1. Going by the conditions given, is residue 7 touching a residue at least 40 places away in the same chain (Cβ under 8 Å) and either out of contact with any His (no Cβ under 7 Å at 6 or more places or on another chain) or polar (S, T, N, Q) (or both)?
2. If we keep just the residues of region 489-532 that are acidic (Asp, Glu) and open to solvent by 20 Å² or more (accessible area, probe 1.4 Å), which is farthest from the ligand (Cβ to nearest atom)?
3. Could we say that residue 470 is closer than 20 Å to residue 423 by Cβ, open to solvent by 10 Å² or more (accessible area, probe 1.4 Å) and either aromatic (Phe, Trp, Tyr) or within 11 Å of the ligand (Cβ to nearest atom) (or both) here?
4. Looking at 486, 475, which one is hydrophobic (A, V, I, L, M, F, W, C), at pLDDT 95 or above and within 15 Å of the ligand (Cβ to nearest atom)?
5. Do you know which residues across region 403-426 are among the hydroxyl-bearing types (Ser, Thr, Tyr) and in a strand (DSSP E or B)?
6. Given the criterion assigned to a helix (DSSP H, G or I) and under 21 Å from residue 300 (Cβ atoms), identify the matching residue among 616, 636.
7. Residue 552: within 17 Å of residue 677 (Cβ to Cβ), assigned to a loop (DSSP other than H, G, I, E, B) and not acidic (Asp, Glu), yes or no?
8. Consider residue 249 against the criteria (1) under 15 Å from residue 571 (Cα atoms); (2) open to solvent by 60 Å² or more (accessible area, probe 1.4 Å): it satisfies all of them except one. Which criterion is unmet?
Amino acid sequence: MNNFNPLLHTFNTPFNTPPFGEIRHEHFVPAFHAGIEQGLKEINGMVNNPAAPDFDNTIAALSRSGQALTRVSNVFYPLNNAETDSTMQDIARQVAPLLADYHNDILFNDKLFGRVKAVYEKRDKLSLTAEEATLLDNTWKMFARNGAGLDDASKARLREISRELSQLSLKFDDNLLAETNEWFLHLTREDELSGLPESQLDAAAEEARKRKLEGWVITLKAPSMWPFLQYAHRRDLREKVFRAANKRGFNGNQCDNREIVRQIANLRLERARLLGYDTYAHFALEEQMAGSPQKVMDFLDELLQAARHKALKDLEELQQLALDSGTDQTIEYWDWYYYAEKMRKARFDFDQELLRPYFELNSVVKGVFQLAGRLWGLRFMPNQDIPVYHPDVTAFEVYDDQDAFLAILYLDFFPREGKSPGAWMTGFREQERLNGQDLRPQVSLVCNFTKPTATKPSLLTHGEFNTFLHEFGHALHGMFSQVTFADLSGTNVYRDFVELPSQIMENWAVEREFLDLFARHYQTGEIIPADMVEKIVATQNFHAAFAAMRQLGFGLNDMAWHSITEPVTIAANEFESTAMEPARLFPPVSGTMVSGSFAHIFAGGYAAGYYSYKWAEVLDADAFRLFKEKGIFDRATAAAFREHILSKGGSEHPMLLYKRFRGSEPTIDALLDREGLR
Ligand SMILES: [Zn+2]
């Protein structure tokens with residue numbers, strides 16, 4: 001049995017879960033090779049099928065191809081994030097180009113596209129279900145959006161553009177990293193640091209030691225820069241740091257991003273045009289809930305109108321606070337964070353650490369399971385026979401209100417070497433129906449929560465509790481999935497929709513009725529005091545209007561770069577200045593620019609998508625309002641949310657799904673109320 005590779009066979013375990021105890025590093029690469037080979041064989045079989053192309057032999061067959069590859073990928077990638085080592089990372093590097101080739105072999109297969117096209121063209125005569133129609137549409141778009149169907153010259157140009165764009169994005173990132181790392185503020189006199197809390201002083205001294213310097217060093221990395229802007233009494237130094245941060249990519253040196261930004265926007269326009277779209281935003285938003293640039297612009301504008309008034313009032317208050325504390329200056333951008341922190345402290349200072357004793361991890365898990373029980377009748381049964389990849393991990397069988405088996409849920413809470421930072425939902429198998437069988441999903445939540453010690457259990461911050469609810473919402477989306485095709489299952493939905501199930505759960509984090517179920521002091525048993533919960537809410541909403549204006553400014557900038565219909569010829573800083581004007585609360589700071597360090601859109605996946613952060617908040621507030629109206633444990637509302645949203649994955653357009661749940665499109669009202677912006 002020594003040569004037995006478990007990844008090459010159906011798992012012989014409870015619920016066909018991955019047999020982690022038997023899987024060794026050396027099993028992965030052969031399994032990837034075998035999976036790719038098998039997948040290509042299936043594709044070839046489809047392409048050379050003498051039967052005329054139809055939905056089953058082409059669209060469904062393509063979606064279901066590569067199962068052997070999926071089996072190994074579904075084990076390898078979650079493990080590479082949650083329990084990795086240098087060998088796993090080597091395997092990931094080794095496999096990446098193989099997978100890229102495999103996907104290109106599908107994407108640029110003309111014969112395959114020919115068959116997809118034949119089915120797509122007769123789609124109206126096929127009497128497909130809604131889900132099948134979505135799968136067909138997605139499959140068609142997957143090819144079309146990559147240039148299938150274009151003439152050879154256009155295809156060649158498209159490939160060139162892709163190559164150039166990926167190089168420019170890398171260069172953008174490298175420049176930004178270099179600019180972030182190079183700049184630092186070296187301080188040698190104690191009065192220059194006045195105002196900084198002890199922990200910041202220590203960090204700044206440590207930073208100086210690392211550079212073999214006397215005194216203290218402030219850098220542009222978030223944990224150093226933000227506290228400095230919040231606490232440092234010296235206004236001139238705050239200005240220095242603020243200007244440096246906003247000058248990254250705009251210094252006229254070899255790391256300047258101005259030209260790169262312009263080239264990226266212009267190349268994206270060219271790509272969109274080649275593919276038949278008016279602008280890049282049209283191209284990008286076609287596959288989003290928002291759907292069109294106009295919809296996004298209207299959305300940004302509506303929020304802007306709503307937030308501006310309150311943001312200006314906040315600014316007035318801060319100006320007054322500044323005057324009261326003895327300065328006669330007009331508040332500038334680099335004063336905002338400083339006075340805002342003073343005001344926050346004066347109004348709702350309370351030590352967040354005081355909350356921890358009420359959020360002992362085991363009670364939190366019980367509480368969240370209870371919430372799922374109240375809302376959907378879910379039951380969670382620990383099962384120690386299900387193999388896990390680390391002793392910290394626990395596995396549960398999950399049953400619904402009909403006692404039907406729903407899913408396997410793994411919980412993996414604590415940090416360790418080999419686990420990436422942050423928290424996420426993942427899984428080892430997605431729900432799908434195959435050969436008449438409903439294969440239930442295997443979902444996993446991976447977190448980095450405060451660890452128990454010899455004397456104390458794991459006591460969470462309220463932020464960690466909130467994170468757990470968020471990820472649990474993603475897990476519900478995965479577990480409730482009730483579709484046919486894995487490609488449309490669970491969280492496989494548009495980016496501006498995927499955070500609805502997760503963010504809506506965060507609303508319960510401050511609901512008294514829910515907290516009363518479990519949030520007890522782990523030593524005294526006392527229920528979390530009401531005024532503490534009120535303070536959490538007040539802190540969350542503090543200066544929400546200002547934060548919104550900042551986000552909206554970024555959103556406008558993003559949309560402007562991706563709504564151009566002619567190549568940009570003016571300087572990048574002038575371009576963005578016009579775009580962001582409507583969201584401005586302070587006069588422009590000369591010599592600074594946002595775009596040069598706006599990695600989300602120039603080096604990340606958020607081009608024409610930055611709005612989606614705000615969009616998701618609007619959605620979750622609007623959806624939760626129904627629970628507020630009907631009761632936060634209302635079974636009927638929960639059932640509707642399950643039926644129309646959580647079970648449907650990406651099987652239909654999210655706006656349709658949403659309207660079925662809510663009766664109408666979302667409005668911004670609930671968010672404005674929640675954040676006190678009205
Ligand atoms: Zn999320």
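1. Spelling it out, it is not the case that residue 7 is touching a residue at least 40 places away in the same chain (Cβ under 8 Å) and either out of contact with any His (no Cβ under 7 Å at 6 or more places or on another chain) or polar (S, T, N, Q) (or both).
2. 526
3. In short, yes.
4. 475
5. Listed by number, the residues that qualify are 410, 426.
6. After applying the criteria, what remains is 616.
7. no
8. Here residue 249 clears every test but (2).
The values are calculated or read from the model by the stated rules, or taken from the named source; none is laboratory data. Predicted, not measured: the structure shown is a model, and the values here were computed from it. Here the Cβ is made from the backbone with ideal geometry for all residues, glycine too, and neighbour counts use every protein chain on show. When the accessible area is computed, the model is the full protein with side chains, heavy atoms only, and any ligands, DNA or RNA have been set aside. Shrake-Rupley method; radii C 1.70, N 1.55, O 1.52, S 1.80 Å.
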